[in-house]
1. Could you list all residues from the stretch 351-385 that are assigned to a loop (DSSP other than H, G, I, E, B), among the β-branched types (Val, Ile, Thr) and touching a residue at least 24 places away in the same chain (Cβ under 8 Å)?
2. From the list 177, 164, which one is surrounded by 19 or more Cβ atoms within 10 Å (Cβ to Cβ), of a type in the set (Val, Ile, Thr) and in contact (Cβ under 8 Å) with a residue 40 or more places away in the chain?
3. Please name all residue pairs, on different chains or six or more residues apart, with Cβ atoms under 6 Å, provided the first residue is in the stretch 110-134 and is part of a helix (DSSP H, G or I) and the second residue is buried (at least 22 other Cβ atoms within 10 Å of the Cβ) and aromatic (Phe, Trp, Tyr).
4. Out of the stretch 175-202, which residues are among the aliphatic types (A, V, I, L, M) and over 25 Å from residue 301 (Cα atoms)?
5. In this structure, does residue 318 turn out to be more than 16 Å from residue 164 (Cα to Cα), among the acidic types (Asp, Glu) and more than 20 Å from the chain's Cα centre (by Cα)?
6. Of the residues 118, 149, 123, 158, which single one is crowded, with 21+ Cβ neighbours inside 10 Å, acidic (Asp, Glu) and either under 30 Å from residue 247 (Cα atoms) or more than 23 Å from the chain's Cα centre (by Cα) (or both)?
7. Considering only the stretch 191-223, state which residues are farther than 24 Å from residue 321 by Cα, outside any helix (DSSP H, G or I) and among the aromatic types (Phe, Trp, Tyr).
8. Small (Gly, Ala, Ser) and touching a Phe, Trp or Tyr at 6+ places or on another chain (Cβ under 9 Å): is that true of residue 376 in this structure?
Amino acid sequence: MSKSAQTIPNDLIEALLAQRPRPEELLGNDGLIQQLAQQLIARSLDLKTSENAKPSQSLSASKVTADVGGPLLEGDAPAARKRTSSKGRTIPPGLDTKIIDMYAKGLTPREIHEQILDFYGIDLSPATIGNVTDAAIDEVKAWQSRPLDAVYPIVYMDCIHVRVRDGASRPKAVYVVIGISITGQKEAIGLWVSPNEGAKFWLQVLTEIKNRGVQDIYIACVDGLKGFPDAIATVFPRATVQLCVVHMVRNSLDFVSWKARKQVALDLRPIYTATTVEAAAAALSDFESKWAAEYPTIGQAWRRNWAQLTPFFDFPKEIRKIIYTTNTIESINMSLRRVMRYRGTFQNDESLLKLLYLALRNISRRWTLPVHDWKAALNRFAIQFGPEE
């Protein structure tokens, strides 16, 4: 049994109760339990940070308020739990957990400082908070280089754009890759930062994924970036490229007047909700009969990309939507953008990746169930792809 789990001696309890025997003296705002918890937590927080060892930048134990059994003392231990001050004392794990959780939700170090001061009475400087979150950088690096599964039946690839100072404020592309494992579970495969989005960098990302152990991707769900399918075929020649139908519909509507958009979108729907690829082709012909004179480029674009828009028809109806849309990764990207909303410009790539990794870690905790009807999909994958010859 650990020291923290040892029973408090009865004689100590009796001595404390002798001072304040009445219930209100135990449980009141200034009661024995409140004071005892306050002193214990204050003693545990008697440490200094590594900020040049200045007293004004250390934790202020005199301002601690007790929160027995509350948020200050709960939570799983992240990598930051092991961080120590210049004098070798460990920062209380519950406090580290709360700091990192708040940071992962998009709060700035200054906002975290205010939250901790308001809720816990701890005067922790923003710079100290930055030091605590920096402990996650090693965790990010380990995550970026970890071995991956040999097979991911479905992989979604997309980019989000954000501004990074890096000498001067400039936009950068964050490459996001999410996989569905052989058991049907979502997995965040990785994050990469590049000056811009392009097929050449995607080729580097795919090569790294392969070097980390991935042998096969069955279906790669992507947008219509020029050269992207070729990059995928270079590294994973057996992969089927599925262009996102939702992206295709959006791109089609770019050609349409605002007044006609709703009707055009409705008339495109029978194409991708058809029961077979033959029925989809007939629906496309019907669409062109109605709209080709006014919007000829829409039908032409669908026909030009037809081979990469229709692979989802080979799979059970129940899982088609997760194949022909990138909703899975777009919802993740939306959550990441929400976290970044109040940050403006990041100092460098490292600070950007730190926040996105922590946010993605929070998001992935909700991925507890496999994809619906995954067994049916897996059987179809086995028939179509089978073992590599």
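The values are calculated or read from the model by the stated rules, or taken from the named source; none is laboratory data. Predicted model, so just to flag it, every value in this text is computed and none were measured. Methodologically, a virtual Cβ is constructed for each residue, glycine included, from the backbone with ideal geometry; neighbour enumeration extends over all protein chains shown.
1. Hit for the stretch 351-385 is 371, nothing else.
2. 164
3. These pairs meet every condition: 133/103.
4. Those that are among the aliphatic types (A, V, I, L, M) and over 25 Å from residue 301 (Cα atoms): 176, 177, 178, 180, 182, 188, 189, 191, 193.
5. The answer is yes for residue 318.
6. Of 118, 149, 123, 158, the one residue that is crowded, with 21+ Cβ neighbours inside 10 Å, acidic (Asp, Glu) and either under 30 Å from residue 247 (Cα atoms) or more than 23 Å from the chain's Cα centre (by Cα) (or both) is 158.
7. Answer for the stretch 191-223, where residues must be farther than 24 Å from residue 321 by Cα, outside any helix (DSSP H, G or I) and among the aromatic types (Phe, Trp, Tyr): just 192.
8. Criteria met by residue 376.
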